[in-house]
Protein chains: 2
Amino acid sequence: MARPVDPHAKIELLRAAEAVFVEHGLEKAHVEEITARAGKSKGSFYLHFSSKEEAFRQIVETTIARLAGYLEQMEPASLPEPADLSEMIESWFELEVELFEFLWQNRGVMRLLLQGGGSADFGYLIDAFAERARERTKEWLRLSVERGHYRKDLDVEVASLVISGAYDRLARALVRLDKKPDIRGWVRGAQRVLLIGCCAPAVREVVDQSVSEFVEPIPASAASVKPGGARKFRRPA
Amino acid sequence: MARPVDPHAKIELLRAAEAVFVEHGLEKAHVEEITARAGKSKGSFYLHFSSKEEAFRQIVETTIARLAGYLEQMEPASLPEPADLSEMIESWFELEVELFEFLWQNRGVMRLLLQGGGSADFGYLIDAFAERARERTKEWLRLSVERGHYRKDLDVEVASLVISGAYDRLARALVRLDKKPDIRGWVRGAQRVLLIGCCAPAVREVVDQSVSEFVEPIPASAASVKPGGARKFRRPA
DNA sequence: CGCATAACTGACCCACCGGTCAGGAATCAT
DNA sequence: ATGATTCCTGACCGGTGGGTCAGTTATGCG
């Protein structure tokens, strides 16, 4: 045994790879650019990864796996039985905020995935996640209908699509911002619109209050960025 | 003048190109495969297009342009002043159904675009469309608030994001189906969920009725496919 | 110090594919 | 039929970049 492996090598390569993949997408990312940024030789890349695709997969799958963890937390069974709807709403709110904070932290990779930058072969990861998110939504919808919070005639199939679609759009808007927006405000806003549509007429007033009542005292600094309008959509030359 | 140009050549090339692009995405689509499918030689491709990218752009931009036409029709100014909210709802419904029918007809190209299959250089087309759709939504929201149909305290920024996000998701679900679903049912379902959340409390009952009242008599054949669950998300080998 | 061992390097290899163009084929005029 | 003209073909070219491996360098051990 002589010359121990550089313990930082793989990590540095992964970091450089992430940056390059985010910048160019899988196809147009060049191994030589990755190794150059990591201060390594091209050959060393293949000491740690069997191919460019494998490195990409490693980056992308770990991110998605961590993301899926947040969905796990939202399982109905793993939340304490709430006293009432407004308490429920608060639990959801905090969990959703956590998830969006994660998205913000990992916005580079998430942007890549959401925009299909990693060739069609990796799209299934986002699709699978979206599908699971929707299933979770359905669980909650059914439960809430049973509990009498939501309208009996709610079409769970369509409502889950609408709700998960709305959060999907929020996510897509988030990951392309340069400056961190008021995430709590976004999530609260989404709740405000979506909950009312699901609720049984009798409990609408409760929700009307809940979603207003809990509006954060806004820290004067970072409340101004509104969702959307992240960039001008000019056609690249 | 001798040997007139084959008048079908370009059209056949475009059709073949569309098929190949949809199947493989821009990067992995090979000119030779396109010409082979069109029964032409590789060289003939370059008699009609200056590059692979140009052909792609031609296909994609015409589709988006036609799509944008539907958005045009939805301009508040180009719709007759409605007698009441439920009449309004009906106009929206028909226009939205038309748009989704178009998406279904062009689901190949739309799927390509929505999944970023055409390299990042063309993502701006979908982004721009989504942005315009959201702007249109905002116009309607503001108008409806003015008219007293929607809640005075509606956050137009967030609501527009949620609504356009919901339709976005519907679109993404649609374009990946193999069998045509009950589009009218989908759109009606989305309306049902979204409208209530926007409405002023006073007019909620009206909407409750509208969205039920107008439910189509379902032609026994094609009402069963529900949104989502289009495929199993297995990882490709 | 010098040898053995294993990590690391980067010049090279080669498959691939977008794009070209010289030559062949089809058509029309005479 | 013959030639003029234009269309069309597919073998070829050249840049590109993923992946390799013979050689180099660093480290530990006796």
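The values are calculated or read from the model by the stated rules, or taken from the named source; none is laboratory data. Quick caveat, the model's predicted, so the values are computed rather than measured. Virtual Cβ from ideal backbone geometry, glycine too; neighbours counted across all protein chains shown. These accessible areas exclude ligands, DNA and RNA; they are computed on the full protein's heavy atoms, side chains included. Shrake-Rupley method; radii C 1.70, N 1.55, O 1.52, S 1.80 Å.
Taking the criterion of being polar (S, T, N, Q) and open to solvent by 40 Å² or more (accessible area, probe 1.4 Å), the only residue of the stretch A:92-112 that qualifies is A:Gln105.
Could you figure out which of (1) closer than 22 Å to A:Leu170 by Cβ; (2) part of a helix (DSSP H, G or I) isn't true of B:Leu154? Every condition holds for B:Leu154 apart from (2). Selection of helices (runs of 4 or more DSSP H) fully inside the stretch B:1-82 by the criterion of at least 1 residues being within 14 Å of DNA strand D (Cβ to nearest atom) and of a type in the set (Gly, Ala, Ser) returns B:9-28, B:31-38, B:42-48. If you check B:Ile64, B:Ile59 for being within 10 Å of the chain's Cα centre (by Cα) and either at pLDDT 95 or above or not β-branched (Val, Ile, Thr) (or both), only one passes: B:Ile64. Taking the listed residues A:Tyr167, A:Tyr124, A:Tyr150, the one that is open to solvent by less than 20 Å² (accessible area, probe 1.4 Å) and either under 18 Å from A:Gln191 (Cα atoms) or facing chain B (nearest Cβ under 8 Å) (or both) is A:Tyr150, with no other qualifying. Contact map, the stretch A:3-29: first residue over 15 Å from A:Thr62 (Cβ atoms) and free of Cβ contacts under 8 Å to residues at least 40 places away in the same chain, second residue open to solvent by 10 Å² or more (accessible area, probe 1.4 Å) and not in a helix (DSSP H, G or I), Cβ cut-off under 7 Å, separation 6 or more or different chains; pairs are A:Ala9/A:Lys40. Just one residue in the set B:Val97, B:Val109, B:Val162 is assigned to a helix (DSSP H, G or I) and touching an Asp or Glu at 6+ places or on another chain (Cβ under 7 Å); that residue is B:Val109.
Scanning the stretch B:10-56 for residues that are over 22 Å from A:Ala120 (Cβ atoms) and more than 9 Å from DNA strand C (Cβ to nearest atom) yields B:Lys10, B:Ile11, B:Glu12, B:Leu13, B:Thr35, B:Ala38, B:Gly39, B:Lys40, B:His48.
Suppose we filter A:Leu143, A:Leu99, A:Leu85 for residues that are modelled with pLDDT of 95 or more and more than 13 Å from chain B (Cβ to nearest Cβ); which single one remains? Quick ask: steps written out before the conclusion?
Details: A:Leu143 fails: modelled with pLDDT of 95 or more; A:Leu85 fails: modelled with pLDDT of 95 or more.
So the residue among A:Leu143, A:Leu99, A:Leu85 that is modelled with pLDDT of 95 or more and more than 13 Å from chain B (Cβ to nearest Cβ) is A:Leu99.
Could you tell me whether the stretch B:34-42 includes any residue that is surrounded by 18 or more Cβ atoms within 10 Å (Cβ to Cβ) and over 26 Å from A:Lys28 (Cα atoms)? Scanning the stretch B:34-42, I find at least one residue that is surrounded by 18 or more Cβ atoms within 10 Å (Cβ to Cβ) and over 26 Å from A:Lys28 (Cα atoms), so the answer is yes.
I'd like to check something: does the stretch A:60-74 contain any residue that is of a type outside the set (Phe, Trp, Tyr), open to solvent by less than 30 Å² (accessible area, probe 1.4 Å), in contact with a strand residue (DSSP E or B) (Cβ under 9 Å, 6 or more places away or on another chain) and closer than 19 Å to A:Gln191 by Cβ? No, every residue in the stretch A:60-74 fails to be of a type outside the set (Phe, Trp, Tyr), open to solvent by less than 30 Å² (accessible area, probe 1.4 Å), in contact with a strand residue (DSSP E or B) (Cβ under 9 Å, 6 or more places away or on another chain) and closer than 19 Å to A:Gln191 by Cβ. A:Ile11 fulfils the conditions (1) within 22 Å of the chain's Cα centre (by Cα); (2) open to solvent by 70 Å² or more (accessible area, probe 1.4 Å) except for a single criterion, (1). B:Glu135 meets each of the listed conditions (1) within 10 Å of chain A (Cβ to nearest Cβ); (2) open to solvent by less than 30 Å² (accessible area, probe 1.4 Å) apart from (2).
Within the stretch A:176-203, the set of residues being among the basic types (Lys, Arg) and either in a loop (DSSP other than H, G, I, E, B) or more than 10 Å from chain B (Cβ to nearest Cβ) (or both) comprises A:Arg176, A:Lys179, A:Lys180, A:Arg184. Here A:Glu135, A:Glu90 are screened, and the one residue that is in the same structural domain as A:Val206 (by TED's automatic domain parsing), within 30 Å of A:Ala200 (Cα to Cα) and out of contact with any Phe, Trp or Tyr (no Cβ under 9 Å at 6 or more places or on another chain) is A:Glu135. Checking B:Leu195, B:Leu161, B:Leu95 one by one, the residue that is more than 17 Å from the chain's Cα centre (by Cα), under 21 Å from A:Arg169 (Cβ atoms) and not small (Gly, Ala, Ser) is B:Leu195 and no other. For B:Gly117, the conditions (1) open to solvent by less than 30 Å² (accessible area, probe 1.4 Å); (2) free of Cβ contacts under 8 Å to residues at least 60 places away in the same chain are fulfilled apart from (2).
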